[in-house]
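Just below is one structure, and these are the notes that go with it.
The values are calculated or read from the model by the stated rules, or taken from the named source; none is laboratory data. Model, not experiment: these values are computed from the prediction. Positions of Cβ are backbone-derived with ideal geometry, glycine not excepted, and every protein chain shown enters the neighbour counts. Surface areas here come from the heavy atoms of the whole protein model, side chains and all, with no ligands, DNA or RNA. Shrake-Rupley method; radii C 1.70, N 1.55, O 1.52, S 1.80 Å.
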Amino acid sequence: MTFRQIAVPTLAIVIFLALWEALVWVMGWPNYKMASPSDLLPAYERYWSLFLTMGWQTLWRTVVGLLIAVVFGTALGMVMGFSRTMRDALYPLLVGFNAVPKATVVPIVALMFVGMHDFNTVLIAFMISFFPIAVSVSIGLSTLEPEYRDILRSLGASQSTIFWKIALPKTLPEFFGALKVAVTLAFIGTNLMEIVSPHGRGLGALFDSGKTNSDYPLMFAVLIALAFLGIVLYYVVVALEKIFAGWAERPQG
Amino acid sequence: MTNLIEIKGVRHAYKTANGPLPVLDGLELSVPEGGFVAVVGPSGCGKSTLTKLVAGLLKPDEGEVWLHGEKVKSPRSTVGMAFQNPVMLEWRSILKNVMLPLEIVPTKLGRKEQEERARYLLALVGLEGFEDKRPSELSGGMRQRASLCRALVHSPEVLILDEPFGALDAFTREDLWQIMHQVKEKEPFTGVLITHDLRESIYLADQVVVLSGRPARTQFTLDTGISGARDIEHLYTPQAAEMLATLRHQIEIAQGRAPAEAPA
């Protein structure tokens with residue numbers, strides 16, 4: 001990390017906040033129409049312990065949902081990547097499942113597993129985020145050039161050796177691309193559950209209580225906290241990508 | 001003298017939506033131990049299918065493929081392959097790419113000897129100093145040389161080259177031709193080269209086999225009269241010009257553009 005890599009995005013964020021503040025000030029909006037960054041600080045100051053506990057609840061449930069999505073999505077992607085029949089069979093189902101708005105699934109899940117809030121939230125985070133992973137893994141595997149297979153197959157290597165030595169590492173760049181999408185989706189899933197079916201946990205619940213108490217700066221403060229968590233998770237994925245698929249990045253020059 | 005590779009009356013068809021597509025029909029080919037055969041023929045005539053049969057990746061519908069007195073039924077570790085696409089694994093260094101077959105094929109070499117062997121081969125093709133580079137840091141010709149090392153690292157009896165120089169520019173290609181001869185002197189193998197380049201075929205091979213159009217059979221065999229290394233000047237002799245003209249004519253027959261001579 002160079003100074004430049006930190007300074008440039010930081011500066012961009014500062015400019016964004018300044019523009020936001022200026023917009024609210026110039027338009028003369030009251031904070032129930034649009035809170036300004038300077039309204040947020042008191043909200044954080046007042047509720048910081050709530051932000052910490054609820055932020056943590058949102059974070060761990062998102063991460064667990066995402067991890068399950070990674071395992072399930074990869075397994076599904078492998079099945080569809082290796083078998084044409086399975087691909088033909090599962091694609092329409094999968095696309096249909098993905099097309100159902102998850103906001104409509106939330107009340108169903110909340111009724112099915114009444115009272116199991118953590119489970120429900122993780123489930124929605126998982127359901128919303130496994131699709132891009134499954135698709136990218138299946139495409140990565142099914143588009144593996146036959147020569148890559150042949151180079152090992154001609155030596156008598158087994159299917160699983162070919163998978164571990166070639167297919168899997170070769171799919172990693174696509175996988176991480178999908179994971180970057182999935183991490184944001186999982187986050188949306190968690191908050192969907194927390195807001196649509198409130199159960200007093202997570203930043204979504206904090207947002208909801210801001211709404212019922214007409215505490216508009218709190219609602220905006222929650223949005224910014226969510227954005228912050230989203231950025232953190234995203235860059236964790238970027239760091240993992242650097243470690244495991246850094247080879248895919250071309251040296252700049 | 002027994003032949004190391006023996007292909008007898010091979011027929012093969014691919015299953016397609018419009019019924020079977022015959023690609024090989026009545027293919028005969030034999031290569032003596034240490035020999036080097038080039039296979040030329042019109043595009044799409046089944047040359048790559050031929051390499052898959054020799055490698056044991058495909059089973060012929062009819063006929064037999066023999067390697068070293070054994071009928072080929074499945075892939076075997078005594079074969080090395082290099083393709084037009086050098087298929088380098090981008091997440092491995094050049095050295096680790098070359099060592100890949102040793103991770104699959106049972107070998108008596110210890111870890112250190114494996115690495116020494118890979119380094120030795122890389123030096124042989126002029127890639128000394130590039131062992132730790134990533135494939136993307138090398139030029140196309142260099143990647144192809146590394147791919148050749150990988151095909152040879154487990155000391156295969158048979159080296160199958162499927163248009164390995166097809167995507168290279170003319171000068172790089174001539175470089176690699178010479179490197180092929182140098183490598184074959186140090187690391188003897190029996191070679192099958194698939195190519196579209198007639199000059200390449202007579203410069204590298206002892207024998208050039210012309211396949212007919214699809215479904216391919218052995219149409220013509222030309223003996224280059226030389227085996228082993230030869231000077232690039234060899235390509236500019238009257239004999240070479242004559243061989244090229246003969247092959248050219250045979251390809252035209254295979255393409256159906258010239259009438260086949262009436263049998264004498």
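The table below lists the values:
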quantity: Cubic angstrom per residue, convex hull over Cα atoms of region B:203-264; calculated: 101 Å³
quantity: Solvent-accessible ranking of A:V236, B:V87, largest area first, probe 1.4 Å; calculated: A:V236, B:V87
quantity: Fraction of antiparallel bridges per DSSP, chain B only, in percent to nearest 5; calculated: 55 percent
quantity: A:T2-B:E233 FRET efficiency (beta carbon distance; Förster radius 45 Å; 0.05 resolution); calculated: 0.20
quantity: Length-normalised contact order of region A:42-242 in % [C-alpha pairs under 8 Å, at least 6 apart]; calculated: 31 percent
quantity: Mean-position separation - Cα centroids, region A:135-154 and region A:74-129, in angstrom; calculated: 26 Å
quantity: Given charges at beta-carbon only (K, R positive; D, E negative), |dipole| of the protein assembly as shown in Debye; calculated: 1220 debye
quantity: Under the span-like rule (Cα at least 24 Å along the axis, Kyte-Doolittle mean at least 1.0), DSSP H helices of chain A; calculated: A:3-27, A:117-142, A:168-196, A:216-245
quantity: Within the protein assembly as shown, percent of DSSP bridges classed antiparallel, to nearest 5; calculated: 55 percent
quantity: A:F113-B:E28 pseudo-label distance in nm [points 7 Å out on the Cα-to-Cβ vector]; calculated: 7.1 nm
quantity: Computed E for A:V71/B:E90 - FRET, C-beta separation, R0 41 angstrom, nearest 0.05; calculated: 0.95
quantity: Semi-axes of the equivalent ellipsoid for the protein assembly as shown, Cα gyration tensor, largest first, Å; calculated: 63, 26, 20
quantity: Mean projection area, nm², convex hull over Cα of region B:148-264; calculated: 8.5 nm²
quantity: Residue-normalised accessible area of region A:42-242, given per residue in Å² at a 1.4 Å probe; calculated: 47 Å²
quantity: Largest-first principal axis extents, alpha carbons of region A:1-156, Å; calculated: 70, 49, 29
quantity: Dipole of the protein assembly as shown [Lys/Arg +1, Asp/Glu -1 at C-beta], most positive-end residue of A:V122, B:W66, A:T143; calculated: A:V122
quantity: Reduction of at least 40 Å² in accessible surface, 1.4 Å probe, comparing all protein chains with the chain by itself, residues of region A:125-171; calculated: A:E147, A:Y148, A:D150, A:I151, A:R153, A:S154, A:L155, A:K165
quantity: Mean Cβ count within 10 Å, highest first, over the residues of peptides A:169-176, A:34-41, A:8-15; calculated: A:169-176, A:34-41, A:8-15
quantity: Convex hull volume of region A:42-242 per residue (C-alpha atoms, cubic angstrom); calculated: 121 Å³
quantity: Packing rank of A:93-103, B:179-189, A:202-212, where each peptide gets the mean count of other beta carbons within 10 Å, highest leading; calculated: A:202-212, B:179-189, A:93-103
quantity: Modelled FRET efficiency - R0 41 Å, B:D169 with A:L19, Cβ distances, 0.05 increments; calculated: 0.15
quantity: Relative contact order computed over chain B (Cα-Cα under 8 Å; 6+ residues apart), in percent; calculated: 25 percent
quantity: Interface A:B - total buried accessible surface [probe 1.4 Å, Å², rounded to 100]; calculated: 1900 Å²
quantity: Residues losing 30 Å² or more accessible surface upon assembly, region B:50-90, compared with the chain by itself, 1.4 Å; calculated: B:L57, B:P75, B:M81, B:F83, B:N85, B:V87, B:L89, B:E90
quantity: Shape parameters for region A:169-253, alpha-carbon atoms, Rg then Dmax in Å; calculated: 17.1, 55
quantity: Spin-label zone in region B:214-232 - amide nitrogen under 13 Å from a point set 7 Å from the Cα of B:L21 along the C-beta vector; calculated: B:214-215
quantity: The protein assembly as shown - percent of accessible surface contributed by carbon and sulfur, probe 1.4 Å; calculated: 62 percent
quantity: Region A:181-249-region B:170-212 distance, computed between alpha-carbon centres (Å); calculated: 61 Å
quantity: Over 27 Å between alpha carbons, listed pairs A:K242/B:K52; B:K59/B:K96; A:K102/A:K180; A:K170/B:K133; calculated: A:K242/B:K52; B:K59/B:K96
quantity: Beta bridges by DSSP in region B:93-246, antiparallel share as percent, to the nearest 5; calculated: 50 percent
quantity: Where labels lie 7 Å past Cα in the beta-carbon direction, separation of B:D61 and A:S83 in nm; calculated: 2.8 nm
quantity: Centre separation in Å (Cα based) which lies between region B:1-24 and region B:29-43; calculated: 15 Å
quantity: Solvent exposure, largest accessible area first (probe 1.4 Å, DNA, RNA and ligands not counted), of B:K71, A:K165, A:K242, B:K112; calculated: B:K112, A:K242, B:K71, A:K165
quantity: Kirkwood Rh in Å, taken over all unlike Cα pairs in region B:129-189; calculated: 12.4 Å
quantity: Residue-averaged beta-carbon neighbours from other chains (10 angstrom radius) around B:155-162; calculated: 1
quantity: Equivalent ellipsoid dimensions for chain B as semi-axes, Å, which come from the Cα gyration tensor, largest first; calculated: 31, 22, 17
quantity: Per residue value of the accessible surface for region B:47-135 (all protein chains in place, 1.4 Å probe), Å²; calculated: 45 Å²
